[in-house]
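Chemist: Quick one: structure below, then a few questions.
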Amino acid sequence: MSLDNLIDAIADQGWYIWDDFLSVKQVRDLCQEMPENWRTAQIGRSDSKHQNQRRRSDKIQWLQPTMGFAIHDYLERMEHIRHNVNRALFLGLFEYEAHFAKYDIGDAYEKHYDAFQGRTNRRLTTVMYLNEHWTEADGGKLKLYSDQDELIETVAPYAGRLVVFLSERFPHEVCISHAERFSIAGWFRTNGVSEQCFDISR
Ligand code: OGA
Ligand code: MN
């Protein structure tokens, strides 16, 4: 069962690619519920908007469980993962936040971490791809690096594919997209309040 494979892979290597996590129909249903309004993604409060757009040019919209049936269903699947990963690995995943992301032609996201050790409560990253007719020529690959900055894996954003990795461990980037590229990026977080309050490294 792939949930077991996911748990084993996260325990052994910290990342996992789950092909056909969703069926074509499920991906289409999610696309139907995609928002029509997109907002410029922000990186952190201290970044100027100009810097943001150089580092990251995708547009986003946060998921709400009330948005529609397919989104609700997706969030339930994530809840199922959260529950089982916690039970097996004691990661203390507490909640899940996720947004749709849209990369227009020419958009990219420079190499970054989703979380910095001790600085955030994002623990486990998920990226779900929604691109049914993606080809090599469309670019837009996700490149995952080790903490020594060696390339680990190059991942094409095919529909139905789910990528999961430990948020603090893997720098990654999205290469320039040559077609419209859609995804749902999400993060399982620990119960952040206490973690941030007791972060003495700041
Ligand atoms: C992100 C991200 C990867 C992807 O949104 O933080 O790294 O493949 N996304 O879309
Ligand atoms: Mn990221």
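The values are calculated or read from the model by the stated rules, or taken from the named source; none is laboratory data. Because the structure is a prediction, the values reported are computed rather than measured. Every residue, glycine as well, gets a Cβ built from its backbone with ideal geometry; the counts of neighbours run over all protein chains shown. Heads up: the accessible areas ignore ligands, DNA and RNA and are worked out on the full protein's heavy atoms, side chains in. Shrake-Rupley method; radii C 1.70, N 1.55, O 1.52, S 1.80 Å.
Chemist: Given only helices, namely DSSP H runs of n ≥ 4 each adding -39500 (n - 2.57), what is the per-residue ellipticity at 222 nm of the chain, to the nearest 500 deg cm²/dmol?
Modeler: Helices in the chain give a 222 nm mean residue ellipticity of -8000 deg cm²/dmol.
Chemist: Could you give the C-alpha radius of gyration of the chain expressed as a fraction of 2.2 N^0.38 Å, taking N as the number of residues it contains?
Modeler: That works out to 0.99 for the chain.
Chemist: OK, next. Would you mind computing, in nm to one decimal, how far apart the modelled labels at residue 137 and residue 97 are, each placed 7 Å from Cα along Cα→Cβ?
Modeler: 3.9
Chemist: Lys pairs in the chain, Cα-Cα under 15 Å, at least 8 apart or on separate chains: how many?
Modeler: Pairs that pass both the separation and distance tests number 5.
Chemist: Let me ask something else. Could you look at region 52-98 and say what percent of its accessible area is carbon and sulfur, using a 1.4 Å probe and all protein chains? Don't skip to the end; give the middle numbers.
Modeler: Values: 1440 of 2650 Å².
On region 52-98, the fraction of accessible area on carbon and sulfur atoms equals 54 percent.
Chemist: How much area per residue is accessible in the chain when the probe is 1.4 Å and only protein heavy atoms are counted (Å²)?
Modeler: Per-residue accessible area for the chain comes out at 53 Å².
Chemist: For the chain, calculate the relative contact order in percent as a whole number, restricting contacts to Cα pairs under 8 Å that are 6 or more residues apart.
Modeler: On the way: 411 pairs, mean separation 56.2, N = 202.
Relative contact order comes out at 28 percent.
Chemist: Rounded if a/c is under 1.5, else prolate if a/b beats b/c, else oblate: with a ≥ b ≥ c from the C-alpha gyration tensor eigenvalues square-rooted, which is region 68-111?
Modeler: In terms of gyration-tensor shape, oblate.
Chemist: Short version: ³J(HN,Hα) in whole Hz for each residue of region 102-115, in order, from phi by Karplus 6.51 cos²θ - 1.76 cosθ + 1.60 (θ = phi - 60°), x for Gly and Pro, what are they?
Modeler: Along region 102-115, the couplings run 10, 9, 7, 4, x, 7, 7, 9, 4, 4, 7, 9, 7, 8 Hz.
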